[in-house]
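Quick note: the coordinates plus some simple rules give every number you see, no bench work behind them. Note that the coordinates shown come from a computational prediction; the quantities given were computed from them, not determined experimentally. For neighbour counting, all protein chains shown are included, and Cβ atoms are generated from backbone atoms with ideal geometry for every residue, glycine included.
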Amino acid sequence: MMNKRVRNLSADLKKPKVKNVHETLRRIWQYVKADKMMFLLVVIMVFFSAVLSLLGPYFIGVAVDVMTGTLSFFSFKLLLILLLGIFILQSVTIALQNYWMIGISQKAVFALRRDLFGHVLHLPTSFFQQTESGDLISRLTNDVENISRTLNSAIIQVTTSILTLVGTLAVMIWLSPLLTLLTVTIVPIMYMGMKWITKRTNYYFKERQKELGNMTGFLEETLSGHSMVKLFHQEKRVIDEYQQRNEKLRRAGYWAQVYSGFIPKLMNGLNNFAFAIIVGIGGWIVLATNSTTITIGIIVTFTTYARQFTRPLNDLANEFNMVLSAIAGAERAFELIDQDTEAKEEGKQALSTIQGDIEFKDVSFSYKDNEHVLQSISFHAKPGQMIALVGPTGAGKTTILSLLTRFFQEQAGEILLDGQPMKQLTNQSIRSHLGIVLQDTYLFDTTIRENIRYGKLSATDQEVEDAAKLANAASFIERLPNKYDTVLEGNGQGISQGQRQLLMIARAMLSNPSLLLLDEATSSIDTITELKITDALEKLMQGKTSFVIAHRLNTIEKADMILVLKDGKIIEKGTHSILMKEKGFYANLIETQTVYE
Amino acid sequence: MKVIFKYADTYRKAMIIALLLMMVELVVELVQPIIMAKIIDEGIVVQNLQAVYVYGAILLVITALAFAAGIMSSYFAAEVSQGTGYDMRNEMFHKLQMFSVMKVQQFSTSTLLTRMTNDVVQVQNLLFAFMRIMLRAPLFIIFGIVMSFTLNVSLALILLATIPLLFVVMFLLMIKGMKLFNQVQIKIDQLNSIIRENLLAIKLVKAFHRMTFASKRFSQANSELRDKNKQALWVMELVMPIVMLIMNIAMIALLAFGSIQLETTSAQAGEIVGVINYATRMLASFGVFSFLIMNVSRGRTSAQRINEILTQTVDDEVDERREKEKINGDVTFERVSFHYPNMKRNVLENIDLQVKAGEKIGILGETGSGKTTLLHLIPYLYHTTKGTIYIDGKEIDQVGNNVRHDVTLVPQEGFLFSGTILENIRWGNEHLNHKQAEKVAKEAQLHDFIMTLPNKYETRIGQRGVNLSGGQKQRLSIARAIADAPRILLLDDSTSALDTTTESHVLQAIKKRKCTTFIVSQKISSVKDANQIMLLERGKIVEKGTHQELLASSALYRKISETQEREGVQLDDE
């Protein structure tokens, strides 16, 4: 079930299309709902500011007429005061609507971020395995950022545009339906023109993006391989190749910019065209037909309205795209919230202390249907024993560890911890007794001290340093310029693989687990560091049940039990000396020194 | 900013044409109300249909003219902006290639990337906007004020006084707002890094059950972002209402003054209406200014970042004219020390070393002991900070980067370029034919593997092709290096992912080539037969000698040797 949903999700990723606008808007509304009254106030303010922005110019017109004597008003001073009031109110309502809207939207986005992140943290491990982390991160960052930006401005802008559009249109029809009809004729022309342009801009912007991507890839490669370019004296050739790519980018960029430059010109041209039509045809109507419904005044007013009419239309088109992309982003974010989290742990038992007795009874597991990763695994590890897992890639070694960390659940059979089925215990209590030292583990962008403390958040500085000493990590840490306060960056760049291992061991030391899961490093670590690691691990494993994915004979020899895995099955089981006597797969592996590269 | 115009100058003609076309548009826009007034005054009011047609036709023609000018200016403006960006990119890339490895490291790949992509795009957009809309608004305002002065001097003075006030208020608010937005960006980055970290380390988070801890950290950053964002947005959204208010108050002042003038002087109503008209249009064009200030400030930052690269001195220029002398392969280090710029600690200290052509040197040592740095000095990628290196008895500073014609280094991670396997082997030597490529692939023990691939030597590797394992990458890197027929070969732990048998075959083949070979390794077995083995510790040579000598003299060497022998087998299965 779970797998299917996850796969659908990744298939959806490729085309960011809006599927259910209504539903997504409803869910966004859930976040805004708390400030319903405030939201209403914003809408009222938008309405007022729109009306005031129409009233202002109108009264200026009145004032001019009063001044010139074509209109009489009881007091010119009062008129100016009225005008001042209108203008102040206009600015105040605009400022207020923005102020409140920003408050609402930031609050909503805050809550959305909180919910998303909290939810994602509780998704099952299988989800993370099947979803690209880059995409996931982008949903939590870019998509939410997009929603945030749109919520801030789009609502006010869209409402203002619609109000202006409707208002202008109403006034225009009221003044003269015939001239309105004339003005509206530019809408289809505008539509067709825009379509013609966007067809081209879409194509060329995509081309440009593609070429930019090509060029960036090339740049990335030649910059990170800068020393290779230098070593092989290939500067000239690289420069030539770059120029070719740059040239392609220029061509695509040129056309994209040319066509996108047409858009404002088209709008402007059409505005002027409408202007000419209204004046020309309007004038003809006035003169030739002696019409009483259309006057000179109306024509003058109409020319300004025609301008006001196309602007919100253009704005709306822009905002529409913006809103659409934000909704698509919101959909992608909500898709995450719709993923099922790890099963609830009600009714499960928590173990406060454990002995470390582990028994696998006929355990089977598969990530996908029909593909058995583990088949009928059975063994018994007594407290304090060390179990070595040996076998080629894909044999299922890591999966056994993943079952013990409860990242995955066995599908058949039972895993017993101190005689109790793991399925009846809470994940939290199992994990609290667990220490893991993995190869591909992560170091946080913070101080070394905090990275070690991650094993036990309540640990004092002294405890952290003691753990580092015990893990043989203290000597290298103290050689660093800022010692324990050295800030690691980019997943621990700048410290070696061996040193990472030492930090991880220190972290595990601090959490003082009863059960240990280790994945020996395969990459090359210098022998001196290697000795330190071996020594530290021995200290760490003392008196604890431990499972080790082993690559080194040293380690394997010491195991109380070796499980030789192949294609998801245990093919041999026993100590080193017993297995060597059996002359089976394991003995062969050791004797021929086969290395699976 | 200067740098932009320096580069745009190449396209001066196109730029002038684009600006002229923009002026045509502007003039049309300014003339339009006059023609409209004529249509009304001389046509409709006096019932002259002929005049309506004539002026209507003129209006249509100049509208069409403005439209055509606008469309055409798009071509010219795009030529300028794209051409400038193109030239900047080429120049920057050329510079980068002439930078030393150290310099590129100082800048870091990611900032160089953004400078060459985002920053250039930013500058291009600025240039394009500059030629098409940015100049329009200021010109329009200047023109408007001039026109107002011709209409009514004292009213125009009111306008003239208002404009600078508006500018100052707007500018101050926007600067404040942009500063706040920079802070918002920092908060966004912080939040994103928490997200990224916890998602990448999700297994760790779960295994240690740190969900609440993670949420708490996130929540902290989240609320900081919200507060900063609110602040920044408020400031930015204040700009428009304040600008409008000031301009509108100026309008009321115009009306008040106008009415006084009407009563006391001979001012005409038309003048006042005209000035008010221009004021209204100016207010409308002020919207562009917020856009303008934002873009200019962004473009300036980008231009600065680009300029930083363009003004850097190149410190590793390729000199093609220089005589290429074949190197024999003697290498001497004389009291060589090295430290990175901005760092005090010496990475290498007082290294003395004498190597004859064709010898093999083994280098052992802990991570961070300076092994890789030592290798980087020989091809002149890094320069010594003290002491001298001699190649064939000649100071390396005299040979310069020409030394690289005969020196090759194979890095540990085996850096490959995207392309086919053959292209990668040929990377250093384009004249290599297929036969020769096969030969080096065989030496690197890679030929058999290549033949199992669907397209053999033409198989694409990297992101869009076959993924190679660590060991395969290392062997391909070695093949590429020996294809260049180096006199000095530097192997930086570049056989670490190979199994013992394959490794020894590769090393045998290299030995036959009789070039001077430096091998950095963790495994004693790969340096056992070296003429000299050095043990490095924190940048110093602590032991030096042959395998036998070191076994006798060095306790540390013995210990390493014993440990590795005991291990014997590695059940590696990467």
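Pairs exceeding 32 Å between alpha-carbon atoms, taken from A:348/A:566; B:456/B:512; A:206/A:265; A:469/A:583: A:348/A:566; A:469/A:583. Residues within the reach of a label modelled at residue A:187 (point 7 angstrom out along Cα to beta-carbon, backbone nitrogen below 13 Å), restricted to the stretch A:132-169, are A:165-169.
If r is the Cβ-Cβ distance from residue B:263 to residue B:139 and R0 is 51 Å, what FRET efficiency results, to the nearest 0.05? Rounded to the nearest 0.05, the efficiency is 0.90.
Taking each of A:558/B:206; B:394/B:439; A:230/B:528; A:581/B:523; A:573/B:523; B:394/B:540 in turn, the alpha-carbon distance tops 27 angstrom for A:558/B:206; B:394/B:439; A:230/B:528; A:581/B:523; A:573/B:523. Using alpha carbons only, how many degrees (0 to 90, rounded to 10) separate the axis of helix A:186-224 from the longest principal axis of chain A? With both axes taken from Cα atoms, the answer is about 30 degrees. Annotation for residue A:178 and residue B:90: the two label points, set 7 Å from Cα along the Cα-Cβ direction, are 6.2 nm apart.
Among the trypsin sites (Lys or Arg not before Pro) in the stretch B:421-498, those located in a DSSP loop and surrounded by at most 16 other Cβ atoms within 10 Å of their own Cβ are B:464. Averaging Cα coordinates gives a centre for the stretch B:189-253 and one for the stretch B:347-365; these two points are 55 Å apart. To make sure I understand the rule: partners must be aspartates and glutamates, Cα under 12 Å from the Cα of residue A:361, and not fewer than 8 residues away in the same chain. Which ones qualify? Counting by Cα, and skipping residues close in sequence, residue A:361 has these aspartates and glutamates nearby: A:410, A:414. Please report the net charge: other residues with Cβ closer than 10 Å to the Cβ of residue B:492, K and R +1, D and E -1. Here the charged neighbours net out to -1. Positive-end ranking of A:460, A:549, A:533 along the dipole of the stretch A:436-575, with charges on Cβ about the Cα centre, is headed by A:549. Expressed in Å, the radius of gyration and Dmax of the Cα atoms of chain A are 35.7, 119. Placing +1 on the Cβ of every Lys and Arg and -1 on the Cβ of every Asp and Glu, with nothing else charged, gives the protein assembly as shown a dipole about its Cα centre of roughly 1440 debye.
Relative to the compact-globule estimate of 2.2 N^0.38 Å, the Cα radius of gyration of chain B comes out at 1.46. With a Förster radius of 41 Å applied to the beta-carbon distance between residue A:482 and residue B:552, the computed FRET efficiency rounds to 0.50.
Scanning chain A for trypsin sites (Lys or Arg not before Pro) in DSSP loops with at most 11 neighbouring Cβ atoms within 10 Å leaves A:20-343 as the longest stretch between them. Taking 4 °C and 1.567 mPa s as the conditions, I'd like the Stokes-Einstein D for the stretch A:358-591 in µm²/s, using the Kirkwood hydrodynamic radius from alpha carbon pairs. Here the translational diffusion coefficient equals 70 µm²/s. Shape analysis of the stretch B:2-310 based on the Cα gyration tensor places the equivalent ellipsoid semi-axes at 49, 29, 17 Å, largest first. Using a simple spin-label model with pseudo-atoms 7 Å out from Cα toward Cβ, residue B:508 and residue B:281 lie 9.0 nm apart. Of B:355, B:505, B:563, which is farthest on the positive side of the dipole of the stretch B:331-566, counting Cα position, with +1 on Lys and Arg Cβ, -1 on Asp and Glu Cβ, and the Cα centre as origin? Of the candidates, B:505 comes out farthest on the positive side. You can think of it this way: the chain between residue B:12 and residue B:189 has 59.7 nm of extra reach, that is 0.36 nm per residue less the Cα-Cα gap.
Taking GluC sites (Glu not before Pro) across the stretch B:363-472, the ones in a DSSP loop with at most 10 further Cβ atoms lying within 10 angstrom of their Cβ are B:430. With 29 Å as the limit, the listed pairs A:199/B:228; B:344/B:544; B:103/B:216; A:483/B:203; B:103/B:442; A:107/A:195 have A:199/B:228; B:103/B:216; B:103/B:442; A:107/A:195 beyond it between alpha carbons.
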